[in-house]
Structures are given as structure tokens and as C-alpha cells.
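A.B. asks: Could you have a look at this structure, given as C-alpha cells, before my questions?
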Amino acid sequence: MRHAKFIYTEAKQGGGDPDMNPGLRTAIEKAKQANMPNENIERAIKKATGTLEGANFEELDYEGYGPGGTAVIVHVLTDNKNRTASEVRHAFSKYGGNLGETGCVSFMFDRKGTIIIVNHDGEIDEDELTLEAIDAGAEDIEVIDGVFEITTEPADFTNVVDHLRNQGYDIEESELTRIPQTYAELDEDQEDKVLKLVDMLEESEDVQDVHHNLKVQE
């Protein structure tokens with residue numbers, strides 16, 4: 001599901017032609033390395049570009065509470081709202097959560113763009129990359145163990161991605177996401193239930209993203 005999400009995101013943002021969209025080309029290459037079937041790759045691209053024959057897709061968010069009161073947002077792309085709503089509701093119920101009304105938890109998250117660059121060979125200059133990202137409109141950049149995580153406002157996201165790619169940086173991942181304002185810390189049993197809920201949701205072909213505010217214990 002993870003690779004399908006990134007293929008969908010890149011095709012949605014930059015078009016469905018891999019020859020014209022380097023981000024999509026990279027996402028497809030990584031999906032193939034993970035043995036994702038070609039038909040799944042093509043379906044993800046067609047969903048993003050609205051060219052899947054005989055289907056009208058809608059993007060929707062479902063919001064609710066997982067075990068321990070964790071906030072959960074499920075972003076879907078579906079051609080059958082009744083089917084998708086039933087699947088999402090079943091997952092919440094199975095693991096002791098509750099599907100809520102629109103807006104019940106979204107106020108607890110900030111909408112941001114995130115860009116991941118990995119310093120595989122150790123040749124990336126941290127100061128240089130930071131200046132390039134900030135000059136392009138990035139809000140913040142964190143570096144942990146050779147992994148650069150760049151944060152942007154949604155309006156600046158595409159510009160920063162394009163600028164860094166034009167400067168020759170290999171972008172590992174890029175997406176618009178929701179970042180929790182606060183995190184929930186749970187005991188081991190409840191944490192396990194939340195993670196199983198997330199896994200079950202992500203198994204659905206309709207689900208593009210699952211956002212939550214669980215702080216996973218080390």
C-alpha cells in the first residue's frame with residue numbers, strides 16, 4: 001500500500017507520464033523493486049489522473065478515535081462511498097475505536113508538506129541543502145542519522161520539491177501530510193491495537209493515507 005500511495009501522490013502532483021515526471025518515475029522504480037505488480041502500478045496512476053475506465057473517484061476524509069482516544073484521520077480515494085465507509089467503520093470497531101463526525105479530530109493536526117532526502121553516500125552538504133530548501137520556501141529542516149526531513153507549508157510544497165530536484169537532489173519521498181499538534185502515549189496493549197487498526201486500514205485499496213497522533217514507544 002505504501003508504494004501505491006507514493007505513485008498516486010506523484011502522479012497526482014506531476015502528471016501520469018513517467019518520462020515527464022521524475023518523481024513518478026522514481027516511485028515506480030521503487031515499487032517494482034518491492035515486487036509490486038504492474039497492474040497495481042497502472043491502476044494507481046489511472047486513479048490519480050482520473051483515467052480509470054468506468055469509475056468516478058472521490059477523495060474523502062474519515063475521522064475518528066482509536067484505542068486510548070488516539071486521533072485518526074483516514075484519507076481515501078473511492079468510487080463507492082458506501083463500500084469504503086463500511087470497511088473503515090469495521091476496522092475502527094474491530095479494534096475498539098469509533099468513527100466520528102467530520103472535523104472531530106482534524107483540528108488536532110497541521111497540514112504540511114514533507115520531503116525526505118537520504119544522504120546515502122555522505123556527499124550532501126547539510127548547510128548547502130538547508131540554504132537551498134529555505135530559499136525555495138521550506139519552513140524547517142531536520143537531520144537525523146543522514147536523513148533530511150524538510151517541512152513546508154502546503155502552498156510551497158511543489159515549488160520546494162521541483163527546486164531541489166532541479167538542483168540534483170534525489171528525493172526519497174515527498175507528500176502532503178498531517179502532522180499532530182500533540183501526541184498520545186499509550187500502554188503496550190493499546191498501542192498494539194492502534195497499530196493493528198492502522199495496518200487494517202492501510203490494507204484497503206481505497207485508503208491513500210492514515211494519519212494518527214500515537215507516539216510509538218521505542
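A.B. asks: Specify the residue that is nearest to Leu197 (Cα to Cα); the eligible residues are those in the stretch 39-66 that are buried (at least 20 other Cβ atoms within 10 Å of the Cβ) and modelled with pLDDT of 95 or more.
C.D. replies: Filtering the stretch 39-66 for residues that are buried (at least 20 other Cβ atoms within 10 Å of the Cβ) and modelled with pLDDT of 95 or more, the one nearest to Leu197 (Cα to Cα) comes out as Gly66.
A.B. asks: Related question: Which numbered condition in (1) in contact with an Asp or Glu (Cβ under 9 Å, 6 or more places away or on another chain); (2) within 20 Å of Lys12 (Cα to Cα) is the only one that Glu59 fails?
C.D. replies: (1)
A.B. asks: Return yes when Gly103 is at positive phi and under 21 Å from the mean Cα position of the chain (by Cα) and no when it is not.
C.D. replies: Working: at positive phi: yes; under 21 Å from the mean Cα position of the chain (by Cα): yes.
Yes.
A.B. asks: Please specify each residue of the stretch 140-195 satisfying the condition of being part of a loop (DSSP other than H, G, I, E, B) and surrounded by fewer than 15 Cβ atoms within 10 Å (Cβ to Cβ).
C.D. replies: Taking the stretch 140-195 as the starting set, the residues that turn out to be part of a loop (DSSP other than H, G, I, E, B) are 145-146, 153, 167-170, 181-183, 185-187.
If the condition is that a residue be part of a loop (DSSP other than H, G, I, E, B) and surrounded by fewer than 15 Cβ atoms within 10 Å (Cβ to Cβ), then Asp145, Gly146, Glu153, Gln167, Gly168, Asp170, Gln181, Thr182, Tyr183, Glu185, Asp187 are the ones that fit.
A.B. asks: Kindly indicate which of Arg83, Arg111 is in a helix (DSSP H, G or I) and within 26 Å of Pro67 (Cβ to Cβ).
C.D. replies: None of the others qualify; the one that does is Arg83.
A.B. asks: Before we move on, is Gly69 over 18 Å from Glu202 (Cα atoms) and either of a type in the set (Val, Ile, Thr) or assigned by TED's automatic domain parsing to the domain that holds Gly103 (or both)?
C.D. replies: Numbers: over 18 Å from Glu202 (Cα atoms): yes; either of a type in the set (Val, Ile, Thr) or assigned by TED's automatic domain parsing to the domain that holds Gly103 (or both): yes.
The answer is yes for Gly69.
A.B. asks: Further, regarding this structure: Mind checking whether some residue in the stretch 54-61 is in a helix (DSSP H, G or I) and touching a residue at least 12 places away in the same chain (Cβ under 8 Å)?
C.D. replies: No, that holds for no residue.
The values are calculated or read from the model by the stated rules, or taken from the named source; none is laboratory data. Bear in mind that the values here come from a model prediction, so they are computed numbers and not experimental data. Note: ideal-geometry Cβ built from the backbone for every residue, glycine included; neighbour counts use all protein chains shown.
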